[in-house]
Amino acid sequence: MKSLWVIRILFLSLCIMGGYEVSQVRPEWITNGRYGLLIGFGIGGLCIAIDEMLKGFSLRAFSAATFGLFLGTLVATMISHSDLFSDADTAQQRVVRLCLFVCFSYIGMVLAMRSNKEDFSLIIPYVRFSPQNKPENLLLLDTSVIIDGRIADLIEANFIEGLLVVPRFVLMELQQIADSNDPTIRARGRRGLEMLTRLRQNAGNEIKIHDADFPEETEVDAKLVRLAKGLGAKLYTNDYNLSKVAELQSVSYVNLNEISNALKPVILPGEMFNLRVVREGKDKGQGVGYLNDGTMVVVNHGQSLIGQQVTVKVMSLLQTGAGVIVFADPSASVAA
């Protein structure tokens, strides 16, 4: 942003100098040097104001508007050169042509900006408005999925391929978390920065820091959704709320927590497996252990087995809001 304002100030200075020079070279146009300075300042300020108003106006939108303006002008020209207004005098024809050009140009620009790439391919068959060197798969990472770290394991295992995109505002958020006074939060931020370093060192995937920002959006989640939509990227996150917002706005996303839940092994009553009992259960005589995916296993009559590796048999399952709780018996008690 600082470099942009440097360019704006330089441009404004050149406009002021240009206005003064015109007053010296062409005094019949501008009779006074002060007027030249003011006119140059006004023109430069107007251009900067227009630039500021078009801040959210992308190159794609500009191209679409230009194409729509061309189509609107073409339609207006065809109508104005027809015999519909041949009976009108010259002054009336000029007014009618002006109205036609203004109306059809506006309608063409609006329709083109509201259209998508598929609409353009229908107008101009076999033409696609997309760069040939555009990566086929853009993976936009948010703060939660970077800190989580499982994305790095999936990439290293070749389950995920594509160009990794990390917005600069996400990088800044990670730095703020890493600088927190809370040791727990600070550890999470530093883990996220370490994961970025790990991703960058992976030769199998390329990672890019994207400089796009949306100053009018105050929330990082809103910026991520807008950037994903603008790039046509797939958003990777662990945030449930962000996933739902992306879904509502038709943005493609992947929630790693949902993938993890889908890949959990299915446990059925009657199955047997080895388990280490680590603590007492809620009820008397119970022991508790955990599977590799974090699923809690309540072992009946397992209090005396705490600290031991035992074989248990699944007796029943209980679905809760936090997940599945497995109830099992030690194999020796089952046999008895």
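The values are calculated or read from the model by the stated rules, or taken from the named source; none is laboratory data. All of these numbers come straight from a predicted model, not from anything done at the bench. Glycine also receives a Cβ, built like all others from the backbone with ideal geometry; neighbour counts cover every protein chain displayed. Ligands, DNA and RNA are stripped out before the accessible areas are found, and what is left, the full protein with its side chains, is counted by its heavy atoms. Shrake-Rupley method; radii C 1.70, N 1.55, O 1.52, S 1.80 Å.
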The range 193-224, subset in contact (Cβ under 8 Å) with a residue 24 or more places away in the chain and polar (S, T, N, Q), residue least open to solvent (accessible area, probe 1.4 Å): N205
Residues (among the β-branched types (V, I, T), free of Cβ contacts under 8 Å to residues at least 24 places away in the same chain and either out of contact with any Phe, Trp or Tyr (no Cβ under 6 Å at 6 or more places or on another chain) or within 30 Å of N300 (Cβ to Cβ) (or both)) located in the range 225-277: I259, V266
Residue list for the range 193-214, filter: outside any helix (DSSP H, G or I) and farther than 22 Å from S250 by Cα: N202, A203, G204, N205, E206, I207, K208, I209, D211
Helices (runs of 4 or more DSSP H) wholly inside the range 226-336 that include at least 3 residues being open to solvent by 20 Å² or more (accessible area, probe 1.4 Å) and among the hydrophobic types (A, V, I, L, M, F, W, C): 331-335
Residue among E136, E118 that is open to solvent by 70 Å² or more (accessible area, probe 1.4 Å), within 19 Å of Y253 (Cβ to Cβ), of a type outside the set (S, T, Y) and at pLDDT below 85: E136
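Here's the yes/no breakdown for (1) outside any helix (DSSP H, G or I); (2) at pLDDT below 80; (3) open to solvent by less than 60 Å² (accessible area, probe 1.4 Å):
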| site | (1), (2), (3) |
| --- | --- |
| E28 | yes, no, no |
| G36 | no, no, yes |
| E52 | no, no, no |
| F57 | yes, yes, no |
| L69 | no, no, no |
| I79 | no, no, yes |
| A91 | no, no, no |
| M113 | no, yes, no |
